[in-house]
Amino acid sequence: MEKGRITKEEQFRRFMLLLKFIFTFRYATRKQLDSFAKLIIGLKHPQWLVDYSIKQGLVTSYQEPLSRSKIYHLTRRGKKLINKDVSMVSRYHFEKRHAGMNTFNHHNLLVEAFFLLQKQLKIKEWVCEWVLRIDKPRKDKIPDGLVMLSDDTKIALEAETSYKTKEALRTVVSLYCYDIEELSLYNAVLVIAQDMLTYESIKDKLYSIDQEFCSRNFILTEINMLREGLCFYQSDTIALVEALKLLPKREVSYAEEV
């Protein structure tokens, strides 16, 4: 596809995909944009797409001093281009606080999970927390992401980058118990830990809170395990694709879809 001259339609498609990726995660680093262009769009030399998007005024950037990273986000022109395809684009905005150190680490874990899960699963739609939270009360428990698979399985994502007390996890379990068993919002919760220390800590606490519910509805993994396609489900370490096949069959509400 990259050989020779590309059509205007193909160029437009590539711009749209890149801008929608930035919209989904609110912002991205240069490495993440290049990875998206290479892994998802399929470009062998992805740099030109990002550079040309900036040149066309669709994307802008600034240097974040704490993380020493260049942060790329949508401009008004970029928002306008995807307006017809993205219903919530009018609610998109970027502030520098969105790329603060704690949120930056959390963001990076979610983006890496996005790339890994795209390779392993047939994903129909990926919605991030900031979109899910639009017009919701602050006290509502909103997952870090919502993944809808091609078979209509809905998975709530939780990205964990730091220590959580047992009481904090108890609250999470209680809220998801209501969301899953009473409201039928999700088929399962996928918890992705940043490292093995966080993974083991969550694993030890989570299943001592409500072993039956958590064993049935929580899938736990760590980023290096996810690279291998592995997770912990129903008291065993198995392939993520196999865990999804074992999920309880239930009808899920579609009222919460974006």
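Here are some notes:
- Scaled against 2.2 N^0.38 Å for its residue count N, the alpha carbon radius of gyration of the range 8-99 is 1.02.
- Relative contact order of the chain, taken over Cα pairs closer than 8 Å and 6 or more residues apart, is 13 percent.
- 0 to 90° range, to nearest 10: angle between helix 101-120 axis and the chain longest Cα axis: 90 degrees
- Sum of -39500 (n - 2.57) over DSSP H runs of 4+, divided by residues of the chain (222 nm, nearest 500): -12500 deg cm²/dmol
- The chain: angle of helix 196-209 to the longest principal axis, Cα-based, in degrees nearest 10: 40 degrees
- Sequence-separation-based contact order of the range 53-112, relative, with Cα cut under 8 Å and 6+ spacing, percent: 26 percent
- The range 104-245: translational diffusion in µm²/s, Stokes-Einstein, Kirkwood Rh over Cα pairs, 10 °C, 1.306 mPa s: 105 µm²/s
- DSSP-defined beta bridges in the range 104-245 - what % are antiparallel, rounded to 5: 55 percent
- Residues TYR92, TYR186, TYR52, sorted so that the one with the fewest Cβ neighbours within 10 Å comes first: TYR52, TYR92, TYR186
- Principal-axis tilt of helix 166-177 within the chain, Cα atoms, nearest 10 degrees: 80 degrees
- Comparing SER174, THR237, THR221 along the charge dipole axis of the range 104-245, the residue lying farthest to the positive side is SER174, per the Cβ-charge model.
- Among MET101, MET196, the order by Cβ neighbours within 10 angstrom, fewest to most, reads MET101, MET196.
- For the chain, a crude dipole built from +1 on the beta carbon of Lys and Arg and -1 on the beta carbon of Asp and Glu, taken about the Cα centre, is about 1540 debye to the nearest 20.
No lab work stands behind these numbers, since they all come straight from the coordinates. Just so it is clear, the structure is predicted and the values come from calculations on it, not from any experiment. Every residue, glycine among them, receives a Cβ derived from its backbone with ideal geometry; neighbour counts consider all protein chains shown.
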